[in-house]
C-alpha cells in the first residue's frame, strides 16, 4: 500500500506544482482547461505507478477534476484556508485509492525497482516543502502584500523562501537538524538592519520567516516519517 501511495503522491505533486502553469490556474474556470489539467493528472498517475490501463487511476483523475471544479466555482476567496482544504481533499483521495487498490504499484512496470518509491517520496517532499510551501506562504502573507514595505529584488523574497526551505529539507533529511539553527541565526543577522529600522517590515519578515520555517520543518519530518515505511534507499542516515 505505501508504495502505491508514494507513487500517487508523486504524481499529484508533479501535476499540481510542477507541470501546472500560472495560466492554467488563472483559466481553470474554462472547462477545456480544467479537463486538460485532469488529463495531465491521469498521465502523471499512469507514469508514476507504471500502470497505464488501471481504471482506478481514471477514477482518481476524475475525483481530482471534481475537487478542482468545486474550489474553482464555489470558492470564497483565494486565501490560505481554501488552498489547504483543496490539497487536503486531494491527499484524502490518494489515501483512499491506495487503501482500496494497494496493488497498483505491484502490478505496474516499476514494481521490480524497490528503491523507486522512496525516491518518489523524497521528490514529493522536496516539491511540497519548497514550491507548494511558496504558494502557502504567499497566500498567508497576501493581506499585507500592498503595505508600504521596503522594495527588494523582484521575486527575491520568494526565491529566498524556496532556498531556505530547501536547505531545511536537506539538513533534516541527512540527519543534521542543528544546521537549521545556524540557518535561522544567519537569516536573523542578514535581516537585522531591515527589521530594526521599520516595525512593519520587521513584523512582516518575522511572520513570513516563522511560517516558512514551520512549513519546512513540518513537511520535512513528514517526509522522513513516510520514508520509514518504505524500503531504504541506502544513501540516507538510518534512524536509531
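As a footprinting exposure proxy, order 227, 84 by other Cβ within 10 Å, with the fewest listed first.
Values: 227 22, 84 12.
With the sparsest Cβ surroundings first, the list reads 84, 227.
In degrees from 0 to 90, rounded to the nearest 10, what is the angle of the helix 80-100 Cα long axis to the longest principal axis of the chain?
Approximately 30 degrees, to the nearest 10.
Just to be sure I understand the model, the point goes 7 Å from the Cα along the line to the Cβ. What's the resulting residue 178 to residue 29 distance in nm?
5.5
Return one number: the angle in degrees, 0 to 90 and rounded to the nearest 10, between the long axis of the Cα atoms of helix 199-227 and the longest principal axis of the Cα atoms of the chain.
30
Output the peptides 99-106, 41-48 sorted from most to least packed, where packing is the average of other Cβ atoms within 10 Å over each peptide's residues.
Numbers: 99-106: 16.9, 41-48: 22.0.
Per-residue Cβ counts within 10 Å, averaged per peptide and sorted highest first, yield 41-48, 99-106.
What's the exposure ranking of 178, 212, going from fewest to most Cβ atoms within 10 Å?
Details: 178 8, 212 25.
So the ranking, lowest neighbour count to highest, is 178, 212.
Using packing as a proxy for protection, rank 131-143, 26-38 so that the peptide with the highest average count of other Cβ atoms within 10 Å comes first.
Most protected by this proxy first, the peptides run 131-143, 26-38.
Going by how many other Cβ atoms sit within 10 Å of their own, how do 1, 13 line up, fewest first? Could you put the intermediate results ahead of the total?
Working: 1 16, 13 22.
Taking fewest neighbouring Cβ atoms as first place, the list is 1, 13.
How tilted is helix 116-127 with respect to the longest principal axis of the chain? Cα atoms for both, answer in degrees (0 to 90, nearest 10).
30
Values in this text are rule-based calculations from the coordinates and carry no lab data. Computed from a prediction, not measured in an experiment: that's the story for all the values here. Counting neighbours? That spans all protein chains shown, and the Cβs are built from the backbone with ideal geometry, glycine included.
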